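Below is one structure, written out as structure tokens; comments come after it.
The values are calculated or read from the model by the stated rules, or taken from the named source; none is laboratory data. These numbers come from a predicted model, not from an experiment. When we count neighbours, we look across all protein chains shown, and the Cβ atoms used for this are built from the backbone with ideal geometry, even at glycine. Please note that ligands, DNA and RNA were not included when accessible areas were found on the heavy atoms of the full protein model with its side chains. Shrake-Rupley method; radii C 1.70, N 1.55, O 1.52, S 1.80 Å.
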Amino acid sequence: MATKVRWLGHNCWSIITGGKTLLLDPFLNDSPSAPVKADAVAADYILVSHGHFDHVSDAAAIAKRTGATVVANYEICQWLGKQGVKKTQPMNIGGAIDLDVGRVKLTVALHSSELPDGGGGGSPGGFLLTLADGKLYFACDTALFSDMKLIGAVGLDLAVLPIGDRFTMGPDDSIAAIKLLEPRKVAPAHYNTWPPIAQDAEAWAARVRAETKAEPIVLKPGDTFTV
Ligand code: NI
Ligand code: MN
């Protein structure tokens, strides 16, 4: 069964694979670009990349409503546990765990990770998902780093990269990242949520086609594609 990926705006993604739903970086109720509210999404697993509000804000409520297991670094799991989240899978950078849908590795990200209440959110990360029918890499909030070459060495079917600039890499560095990762397909995220991270995704896609071997997948919030 093919993996389906739906963009819920910003860096929030719903990944449907093996009959389960992985919800990444739930930021819906306060997101200007989210096509759905937090009470309307399904989740068997909730993956949280780092502590910033625009990645973690709806995680506790959705985990409590759905009974989903949260997969995140140790500090974020502790923080969500104090809010009543029962099931967590704490990790740290470089580690991987096996879930019933596949293997999840927490990868390095160059960013910061303070939690909404000012607490320490541990190290920011990205996720490498090794699923039955594909390898997916979500860089999440990060700068460009040369070890993306190592992450891409597994052979990626999809890479999701931020292009918003200012708080993460922008379009220029995302092109360099694609050259290091060499994914089959690449999708942009973390842009156009607010004016300070506005980008022209079609112009970005034209550059991806001209300058890399990857196929760009530009979605509107709410759109789904099959990996
Ligand atoms: Ni962030
Ligand atoms: Mn962010």
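Ignoring lysines fewer than eight residues from residue 37 along the same chain, the ones with Cα atoms less than 17 angstrom from its Cα are 64, 220. Net charge of the neighbourhood of residue 49, taken over other residues with C-beta under 11 Å away and scored Lys/Arg +1, Asp/Glu -1, is -3.
Between the amide H of residue 91 and those of 72, 73, 74, distances stay under 5 Å, these residues lying 5 or more places away or on another chain, with hydrogens modeled in the peptide plane. Taking 7 Å steps out from each Cα toward its Cβ at residue 184 and residue 143 produces label points 3.3 nm apart. A straight Cα-to-Cα reach below 15 Å connects residue 105 with the aspartates and glutamates 147, residues fewer than 8 places away in its own chain not being considered.
Ranked by solvent-accessible area (1.4 Å probe, protein heavy atoms only, all chains present), the residues 220, 37 order from largest to smallest as 220, 37. Simple spin-label estimate for residue 172 and residue 39 gives 4.6 nm between the two label positions (7 Å along the Cα-to-Cβ direction from each Cα). 3J(HN,Hα) along region 11-24: 10, 9, 10, 10, 10, 9, 8, x, x, 10, 10, 9, 9, 9 Hz, from the Karplus curve 6.51 cos²θ - 1.76 cosθ + 1.60 with θ = phi - 60°, whole Hz, x for Gly and Pro. Amide H contacts for residue 169 (H built 1.01 Å from N in the peptide plane; partners 5 or more residues away or on another chain; cut-off under 5 Å): 142, 143, 144. Where only DSSP H runs of four or more residues are counted, the chain gives -5500 deg cm²/dmol as its mean residue ellipticity at 222 nm, each run worth -39500 (n - 2.57).
A Gaussian network model of the chain, with springs between Cα atoms under 10 Å, assigns the largest mean-square fluctuation among 63, 189, 206 to 206.
For region 113-154, rounded, prolate or oblate, judged on the Cα gyration tensor with a ≥ b ≥ c (square roots of eigenvalues), a/c < 1.5 rounded, else prolate if a/b > b/c? The shape class here is oblate.
Per-residue extension of 0.36 nm, minus the Cα-Cα distance of residue 53 and residue 66, leaves a gain of 2.7 nm for this segment. Is region 70-113 best put as rounded, prolate or oblate by its Cα gyration tensor, with a ≥ b ≥ c the root eigenvalues, rounded for a/c under 1.5, and otherwise prolate when a/b is larger than b/c, oblate when not? It is oblate, given that a/c is not under 1.5 and a/b is not larger than b/c. When the square roots of the Cα gyration tensor eigenvalues are ordered a ≥ b ≥ c, the ratio a/c for the chain is under 1.5, which makes its shape rounded. Summary value for region 7-149: 18 percent relative contact order, contacts being C-alpha pairs under 8 angstrom separated by 6+ residues.
Sequence-ordered 3J(HN,Hα) estimates for region 100-116 from the Karplus curve with 6.51, -1.76 and 1.60 and θ = phi - 60° stand at 5, 9, x, 9, 10, 10, 8, 9, 5, 9, 9, 6, 10, 7, 5, 6, x Hz, glycine and proline given as x. Less than 5 angstrom separates the built amide H of residue 99 from those of 104, all sequence-distant by 5 or more or on a different chain. Running a GNM on the chain with Cα contacts under 10 Å, which residue among 114, 75, 202 ends up with the highest mean-square fluctuation? Sorting by GNM fluctuation, first place goes to 202.
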